[in-house]
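Notes follow the structure.
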Amino acid sequence: MTAPIATNQTILVVGGGISGMTAALEAAECGKQVLLVEKTPTLGGRTAQLYRYFPKMCHPTCGMEINLKRIRGNPNLRTMTMTQVVAVSGSRGDYKVTLKVSPRYVNENCTACGKCGEAVSAEVADAYNYGLSKVRAAYLPHVMAYPQRYVIDASIVGTPEGEKAKAACPVNAVDLDMKEETIEINVGAVVWATGWRPFDANKIQPYGYDRIANVITSVEFERLADPHGPTGGKLLRPSDGNPAKNVAFIQCAGSRDENYLRHCSRICCMASLKQTQYVREAWGDAGKSTIYYIDIRAIDRFEDFYANVWKDSTVSFVKSKVARIAENEANGNPVLHGVDTEGYHRYATEHDLVVLAVGMEPEVTGVKLPADIVMDSSNFIEGSKDGGMFGAGAASSPLDVNRAVQSATAASLKAIQVIHKNASTEAA
Amino acid sequence: MTATYKNDFLKEVEANVEDGQWVKMCMQCGVCAGSCPLGPHWQHSPQKIFMMIRAGKREEVLTSDSMWMCTSCYNCIVRCPRKLPITHIMHGLANYAHRLGLAPKGQPTREIAKLFWDNIVKTGRVNELKFSLAMYFKDGFGQGVKNAMAMQGIGLGLMKAKRLNPMEMLGGHTCKDKGGIHKMIAKAREIEDRRKGLSGH
Amino acid sequence: MADIKYAAYICSGCGIGDKLDVDALEKVATKEGKMAVVKSHPFLCSTEGVDLIKNDIANDGVTHVMIAACSRRAKAEAFTFPDNAVSRANLREGVIWVVAEGSEHDEVRQEMAEDYIRMGCAEIKKMTQPAGNPNKAQSKRIMVVGGGMSGMTAALAAADAGYEVVLIEKTAKLGGFASNLLKRVPFNAPYAEAQPTGVEELASKVSGHAKIKVHLNSTLSETAGAPGRFIAKIAQESGAIAEETVGAIVQATGFTPYDINKLTELGGGQANVVDQAGLEALAKAANSGAIKRADGKEVKSVVFVQCAGQRGSGGNGNGQHLEYCSGHCCATSIKQATYFKDANPDVDTIVMYLDLRVPGMGEDFYRSAQEKGVIFTKAKVNGVSGGLSGEMSCKVNFKDLILDEEATVDADLVVLATGQVANAGVNLDEWTATVTAAESGDAAAVQRKSELQKISVLNLNYRQGPDVPQFKYGFADSHFICFPYETRRTGIYAAGPARRPMDMFQAMEDATGAAMKAIQAVENATHGRAAHPRAWDLSFPKARLEGCTQCKRCTVECPFGAIDEDERRFPLFNEERCRRCGTCMGACPVRVISFENYSCDTVGMQIKAVNVPDEFEEKPRVLILACENDAYPALDMAGIQRLTYSAFVRAIPVRCLGSANTIWITDALNQGYDGVMMMGCKKGDDYQCHFVKGSEMAYYRMSKIDDTLKQLGLEPERVQTHEVAITDNARVARMIDEYVAQLTELGPSPMKGFG
C-alpha cells in the first residue's frame, strides 16, 4: 500500500464510529485535509449495531447513510479501514504517526457481488451481532458496511477455503498474499475518537452472565431486536428460543461500582427505557418489563421519554441494585434476588430474560497510548499535554450519540486551530 | 421515635463505631440487603440502617436487633459498589449498642457472644463443655436439662470422636500464661477505648 | 457553451451480463435513449472501465454520462466525474438482485432493466452539471450573540481558528450567568473539588483578542441576509445603530432560572427560601466565611430541594412547572452543599433528591460531597413553610422514600434547585399566529407583535419569523440525534443553554461545536455550496418568475425559511440559506422552480420514459418515488440481501418526498401506470425527515390528491403514501408485492392507452 499523503496540515482522526466520522467530516467540509483511520473493516462503529436510538426511536443507519454520503462525496477526506495507530511521536502541529494496516485479503476491485461468500463454507463468529450468530468466513461486515467491500477472515487464509474464495471472485479482488503493513505519516493534529466497548459482564459474577443462558447484555439485546440481527428481530431467548416476554433490565451493570467502573455510563438508563419499548413493540400488552435501578438518569428532555415509559402499564420500576441471579433449572428462567429499597421489600422474581445494562468502558483501556495523552481514572481521554491531540465522543466521556457528536464537532475545531497555527506560522 | 434529620447521630456513630465514617458514603442501592444470607431475618437492612442513622433515628438503630444478625459472610462487602466495610460497621454498631446498654435483651447472638467471651477470657482457651452447658442452662435449670437431653446424641458423638472431654468440667485445659492473656486483653481494651474516645467501659 | 454529447455505459459485471441481454440494453440506449455513445464493459468500476469513460470525456467530447450498473449508492467514488452530469441506472441492486431467479422471470427482468436504461437516458438529458451559485457570498466573519461562557467560548474558538468574530453582549460586561457563581463544578480528574469559574480570564482573553470585536450594551435590532452575507444592525446604548456584515451566527443567549416565586408550594417567595442563583449570591457575599441568610443569621442547617418545579409531576412541586430535567442541578447542589461544608463541616446539609443525576465522572463529585458529610436523602418534598423573613427556621415536609415515612426537618435555609428556561427568542408558532391576526386588524395582536419583536434575539427579517424555530419547551435545539447542530436557519447555530438545558462544561463544548458549524457555514456559503445534509451540492433552486402566480406555497413550505418575498411579492430565493431539498419545487403548482440537476423534468421525463404495457398484457406498472436517504437505501439493501420483489415497479429516488410534485403523479396516472407508491420518512413529533418538514408536506399534498383521482375516474388505492425507514428492507419488499397483488385484483388502470 502506498502511504497516503499527509502533512502537518492534515488532521488524523482515529476511530470510524459516529464520533470519528463526524470529527473527520466537519473538518473536511471546512476544506481541511483529513485522514480517518478505523481498526475494523467498516466505518460505523457501535452505533451501526444499535436497532433504534432513544428518544426518537429512529434508526442509527439513517444518519449513517447521510454521513457515508458525505464521506463518499468529499475529496478532502480519506479513510483507511483495518488500520490502527501503533505509535505517535513529535509534538503539537508536527506528529509522526505509525499506522499498522491489517490485511483484508480483498482489494479495491471488490464489487461486493458476494460470490466469495457463496463459495466458502467455513463460518466465523459474526462480530456485527456480538457473536450471537455466525457468518461465512468471506463476508460483508454488514449491509451498510463502508467501504462496501468483502473481508476474508484470516482463519481461512492458507486453507482450501481461502482458495475457494479466491477462485470464486470474478474480478480478481481476493488477494490471499496480502501482508500486514506499517506506514509512517506526518500529521498536524490528532483526534482520538476511539469510542467505547461494553463492560465485560463476566466480571460481574453474581449476575451469572457466563453461567445462565438467559442473562444477556444490553448490546446483545439490541441485536435481538434488530431485523438484521440473529433472530431476524424476534425477541427470543438464547436458552430455548422461546419468546422473551417478561424481561428484566438491570441498571448499573458494571457502572457506578468501584469494583468495576467507578463512573456512571450515562446512557444505560435511557437505553433500558428504550428497550422496554422493544418488548412492547414485540408483544404489546402481553410483554412485561421491569427495570431495577439506583437512580433513573433521564436528563433534559429525555425526561419525557421516562415519563411516557413510566405510564406504560407493561413497565415497572424497582429501586434496587439486584444482588444476585440464580437460574430456575426447570425452565431456564433467571431468578433475581434483592431488596426494593423504597420501603425495604425483599424479592425473588423470575423473568424470561435478563438484560444487563452494561457500562461503557473506553475502548483504549489496556491499550498503550502515546505518553503525552492525559486520561482520567476510568481511562477516558482528556487530551494531550501539548494541546495537539484531543479526545472526542465516547472516548472522552461516557456520552450518548447526540452528545458524542457534539463533542466530536468541538474536537474537530480544536484540531483545526492547531492546523491553522501551523499554516500561519509557515506563512509568516 | 421520629427522625430529626440532624447530623448529631451520624457524628456520634462516626466517633464511636468502628468504620462508622463510612456510613455517609452509602448511595442506597440495596445490594447489601439483597446479598445477606440472613436478610429475611433482619428488621432493617444495612442500607436502611445507614439511612436511619442519617435521619437521626438513634434509639431505633441502637436498640435494633438487626446488626446482631450479621454472620460475617462478607457478601455485602464484596458486592458493595461504594466499598463500604458493611460487616465491620454492623459489628461496630452492635458493639456500640452493647456498650451503651441499648442492645436488645435476650438477643441470641448477643447471648452466645457474651458466653463465648466470658468462657474464653477465663483461661485463654475455649472450654467446649462448659460453653455448651452454659448455653443449655442460660434460661434456667429445667430448660437446661431439656436442652441437654435434646443434644445428648450429638454430645455422645463428640465424645466418641474425642472432640469433647467430660473431664473438662474439672477446670479444663488452659494456655501457658493465663495472667499474660488477661493483661493483653485489658491492654487491647484500653487501646480501643482510647481510639473511640471513651474512658473506661 | 460547448456541444452536449450524451454517452451511456452499461456494465455487464456482477452477474448483470448473465441475467440480462446487454446487447438489447445497448440498443435501447441507442435507439430510444438517443445516446450518442453507447458502450458496455464487463467491469465498469475497474480502473480500466472508469478510464474508458474518462477517455471519452477527454477525447470524444462526452459531456453527459449515463451509467447503467450498480446503485448510485455503490462505487460512487469511481463514478464521480466532477465536470460532468452523471445519471445512474440501477441494474444490480434494483433489478437482477431483486427479481426472482429463473427463466420464467427473464422477460419481466429484461423489461425492468430496459426501462431503467430509458429512465437513465431521459434523466441525463434534462440534467446540467451545476456550476454553483455565481453570486457567492463574501463574509467569513462569525457573529456571536451573547457574552456568557458559551458565547465567549465560541468567539475564542472561532478566532483561534483564524476567523474574525463580532460578539454582541446586551449587558455592560462579559461573563453572563457564570459571573454570578462563586465556583463551578470540576471538569477534570479527580472531580473532587469545586473550581474557580475562570470567567474573568476568559473575558480578558476575549477582550484582548485581535480578531474579536466586542459590542457591549448592544442588541440586534435587525438581521438581514443569508449565510456569508448577513447584515446585522446593532442597537447600542447610545441609541446609535452599528452595522456589521457577517457570514454566520452563533446564538449563545443562555438561560434564565425559572421564576422561584411561582413555586409557592415549595416556599418560593419566602425570604429564607432561595434558588441556586440566590445561594451563589449568599456564598459570594460570605467571602469563604460562614454563609449567612439575608437577615444575617448564620446558616447552620440547609436543605436542597432537587427537581424543584422540574420533571413535571415526577419532580418536586405541583407538577405545573417545567416538564424537563435541567441536568446540571444535581451537580450544582452538590457543589453548593460543599460551600457550606468547606466553610464549616458542622453545618447540617441535606440534599433531597428523587433521582440523583450526576452522569459520567460526576459520580466522583457526588462521592467527594458525601465524604465531606453532605447527606443525600431520596425524598419527595411536599412543602416548605416558615421561610418568611424574621422566622427562625424553615420547615421542610417530605416523604422519605427509603424509610417510607412522612417527616419534617427544620432548616435555616432552603435552596430550591429550579430549572433553566431558554433565552431563545420568539416562538415562531406564536409569531405566525400573531402576525396573521395583526394583519387582519386585531389590535391586541398588533400590540403583541411589537412585544414579541422586543423579545426577539436576532430580529431576522425572514418571512418565516424573527428567530430560529424552537424545538421543544422553548429550546432552540436540533431534533436529530446524529446531527445535534442541525438548524432550520442555515448559518445560525444555537449553543449552550439556549439550545438545551446543560452545565457549564457541556455549554463550553457545545459552543466550540457551534463555532465549528458556523465556520463551516461561511466556508460553504462563500464557495456557493450547500450545507448539511447535501454538503458540497452546488445546485440551487432557480425560478422562472414569469410563470409564477405568487401563490406563496414555496415561501410557506420551505423548511428553512430560505424564501422571502420581493417588493413585487414574487418569491425571493436566498440561495445561501437553501438546503437543496426541493420542497419548494414539490410545492409549486405551476412548476417554475427547478435545480440544474434535479427538476420536475428530470423526474417527469423518467416517468414518461417507462414503457407502459397495454391493459391486455397483464403487466401492471407501479411508480415508486422514494426518499433517497431512507426508502431508496432500504430498497437497495433489500437487493443486497437478495430479497425479491415484483418486477413491475419502477423506482425513482427523490431528494426528499417533499420535492415530489403532484404533476408527477398525474403524469404517471395519465400515462397508464396502475399505481404510485410514495415512500418518505416518518412525520409528526418524532419526524425523521432530514429536511424537517419535507415528508410532512408531501403527506399533506397527497392527502388532497383524491380529487384529482376522482376527476380521472380512478380509485383512491392507485396512489399510496408510506412511511419507510432505512431498516425496512424486508418490509418494503413485502409492501411492494402486496401492492402489486392489490392492483392486480383491482384490474388495470382505465387510463391505459390514453397516455
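The values are calculated or read from the model by the stated rules, or taken from the named source; none is laboratory data. The shown structure was predicted, so the numbers you read here are calculated from the model rather than taken from an experiment. FYI the Cβ positions are ideal-geometry reconstructions off the backbone, even for glycines, and counts take in every protein chain you see. The protein model used for the area step is the full one, side chains on, heavy atoms only, and it has no ligands, DNA or RNA in it. Shrake-Rupley method; radii C 1.70, N 1.55, O 1.52, S 1.80 Å.
More than 14 Å from chain C (Cβ to nearest Cβ) and of a type in the set (V, I, T) - does that describe any residue in the stretch A:15-36?
no
Select, from B:S45, B:S66, B:S35, the only residue that is open to solvent by less than 60 Å² (accessible area, probe 1.4 Å) and either among the aliphatic types (A, V, I, L, M) or under 13 Å from the mean Cα position of the chain (by Cα) (or both). Working first, answer last.
Details: B:S45 fails: either among the aliphatic types (A, V, I, L, M) or under 13 Å from the mean Cα position of the chain (by Cα) (or both); B:S35 fails: either among the aliphatic types (A, V, I, L, M) or under 13 Å from the mean Cα position of the chain (by Cα) (or both).
Every option except B:S66 fails the conditions.
Could you tell me which residue of the stretch C:380-405 is surrounded by the fewest Cβ atoms within 10 Å (Cβ to Cβ), considering only residues that are within 11 Å of chain A (Cβ to nearest Cβ), under 45 Å from the mean Cα position of the chain (by Cα) and among the aliphatic types (A, V, I, L, M)?
Applying the filter and picking the extreme gives C:L401.
Return the pair list, or none, for Cβ contacts closer than 6 Å from residues in the stretch C:102-130 that are acidic (D, E) to residues that are in a helix (DSSP H, G or I), at least 6 apart or on different chains.
C:E114/C:V28; C:E123/C:T602; C:E123/C:Q606
Under 6 Å between Cβ atoms, at least 6 apart or on separate chains: pull out the pairs that start in the stretch A:295-318 with a residue that is within 11 Å of chain C (Cβ to nearest Cβ) and assigned to a strand (DSSP E or B) and end on any residue that is open to solvent by less than 20 Å² (accessible area, probe 1.4 Å) and of a type outside the set (G, A, S).
These pairs meet every condition: A:F317/A:I291.
For the stretch C:706-724, indicate whether the set of residues that are over 14 Å from C:V622 (Cα atoms), open to solvent by less than 10 Å² (accessible area, probe 1.4 Å) and among the β-branched types (V, I, T) is non-empty.
Within the stretch C:706-724, one or more residues are over 14 Å from C:V622 (Cα atoms), open to solvent by less than 10 Å² (accessible area, probe 1.4 Å) and among the β-branched types (V, I, T).
Counting just the residues of the stretch B:3-28 that are at the interface with another protein chain (Cβ under 7 Å from one of its Cβ atoms) and either touching a helix residue (DSSP H, G or I) at 6+ places or on another chain (Cβ under 7 Å) or hydroxyl-bearing (S, T, Y) (or both), which one comes out surrounded by the most Cβ atoms within 10 Å (Cβ to Cβ)? Explain how you work it out, then say what you get.
Within the stretch B:3-28, the first condition is being at the interface with another protein chain (Cβ under 7 Å from one of its Cβ atoms), and the residues that meet it are B:3, B:5-7, B:24-25, B:27-28.
So of that shortlist, the ones also either touching a helix residue (DSSP H, G or I) at 6+ places or on another chain (Cβ under 7 Å) or hydroxyl-bearing (S, T, Y) (or both) come out as B:5, B:24-25, B:28.
On the way: B:Y5: 26, B:K24: 23, B:M25: 15, B:Q28: 23.
Within the stretch B:3-28, the match that is surrounded by the most Cβ atoms within 10 Å (Cβ to Cβ) is B:Y5.
Going through the stretch C:613-633 one residue at a time, which ones are out of contact with any helix residue (DSSP H, G or I) (no Cβ under 8 Å at 6 or more places or on another chain) and modelled with pLDDT of 95 or more?
Those that are out of contact with any helix residue (DSSP H, G or I) (no Cβ under 8 Å at 6 or more places or on another chain) and modelled with pLDDT of 95 or more: C:R621, C:E628, C:Y632.
Just for strands (runs of 3 or more DSSP E) wholly inside the stretch A:91-159: which have at least 3 residues that are surrounded by fewer than 22 Cβ atoms within 10 Å (Cβ to Cβ)? Can you show your working first?
Numbers: elements: A:94-101, A:123-125, A:134-136.
Qualifying strands (runs of 3 or more DSSP E): A:94-101, A:123-125.
Sort out which residues of the stretch C:687-712 are among the basic types (K, R) and touching a Gly at 6+ places or on another chain (Cβ under 9 Å), and write them in order of number.
Within the stretch C:687-712, C:K693, C:R701 meet the criteria.
Just need a number here: residues in the stretch A:37-75 that are more than 10 Å from chain C (Cβ to nearest Cβ), of a type outside the set (D, E), open to solvent by 10 Å² or more (accessible area, probe 1.4 Å) and part of a loop (DSSP other than H, G, I, E, B). Break it down into steps so the answer makes sense when it comes.
Narrowing the stretch A:37-75 to residues more than 10 Å from chain C (Cβ to nearest Cβ): A:37-46, A:48-50.
With of a type outside the set (D, E) added as a condition, the list becomes A:37, A:39-46, A:48-50.
Within this subset, residues satisfying the condition of being open to solvent by 10 Å² or more (accessible area, probe 1.4 Å) are A:39-42, A:45-46, A:49-50.
Now narrow it down to the ones that are part of a loop (DSSP other than H, G, I, E, B): A:39-42, A:50.
Selection size over the stretch A:37-75: 5.
Quick one: is A:S289 open to solvent by less than 10 Å² (accessible area, probe 1.4 Å), more than 23 Å from B:M27 (Cα to Cα) and small (G, A, S)?
The answer is yes for A:S289.
If you go through the stretch B:50-63 one residue at a time, how many are more than 10 Å from chain C (Cβ to nearest Cβ), out of contact with any helix residue (DSSP H, G or I) (no Cβ under 6 Å at 6 or more places or on another chain) and open to solvent by less than 10 Å² (accessible area, probe 1.4 Å)?
0
Across the stretch B:72-111, which residue is surrounded by the most Cβ atoms within 10 Å (Cβ to Cβ) among those that are within 14 Å of chain A (Cβ to nearest Cβ) and assigned to a loop (DSSP other than H, G, I, E, B)?
Restricting to residues being within 14 Å of chain A (Cβ to nearest Cβ) and assigned to a loop (DSSP other than H, G, I, E, B), the top hit is B:C80.
Give me the residue from the stretch A:80-90 that is open to solvent by 10 Å² or more (accessible area, probe 1.4 Å) and over 27 Å from A:E426 (Cβ atoms) and, out of that set, farthest from the chain's Cα centre (by Cα).
Of everything passing the filter in the stretch A:80-90, A:V86 is farthest from the chain's Cα centre (by Cα).
Name every residue in the stretch C:326-366 that is within 13 Å of chain A (Cβ to nearest Cβ), open to solvent by 10 Å² or more (accessible area, probe 1.4 Å) and among the aliphatic types (A, V, I, L, M), in order of residue number.
C:A331, C:L354, C:M361
Give the residue that is nearest to the other protein chains (Cβ to nearest Cβ), with candidates limited to residues of the stretch C:505-545 that are crowded, with 20+ Cβ neighbours inside 10 Å and among the basic types (K, R).
Among those that are crowded, with 20+ Cβ neighbours inside 10 Å and among the basic types (K, R), it is C:K517.
Exactly one condition in (1) part of a loop (DSSP other than H, G, I, E, B); (2) out of contact with any Gly (no Cβ under 6 Å at 6 or more places or on another chain); (3) touching a residue at least 40 places away in the same chain (Cβ under 8 Å); (4) open to solvent by less than 40 Å² (accessible area, probe 1.4 Å) is false for C:G684; which is it?
Condition not satisfied by C:G684: (3).
Any idea which of (1) out of contact with any strand residue (DSSP E or B) (no Cβ under 9 Å at 6 or more places or on another chain); (2) away from every other protein chain (no Cβ under 14 Å) is the one C:W664 doesn't satisfy?
Just one mismatch for C:W664, condition (1).
Just to be sure I understand, how many residues within the stretch A:379-415 are at the interface with chain C (Cβ under 7 Å from one of its Cβ atoms) and in a loop (DSSP other than H, G, I, E, B)?
Count: 2.
Just to verify a result, which residue in the stretch A:319-341, among those that are in a loop (DSSP other than H, G, I, E, B) and without any contact (Cβ under 8 Å) to a residue 24 or more places away in the chain, is most open to solvent (accessible area, probe 1.4 Å)?
A:E329
Restricting attention to the stretch A:1-37, report how many residues are outside the structural domain of A:P60 (by TED's automatic domain parsing) and among the acidic types (D, E).
0
Is the stretch C:51-65 home to any residue that is closer than 28 Å to C:A638 by Cβ, among the basic types (K, R) and either touching a strand residue (DSSP E or B) at 6+ places or on another chain (Cβ under 6 Å) or open to solvent by 20 Å² or more (accessible area, probe 1.4 Å) (or both)?
no
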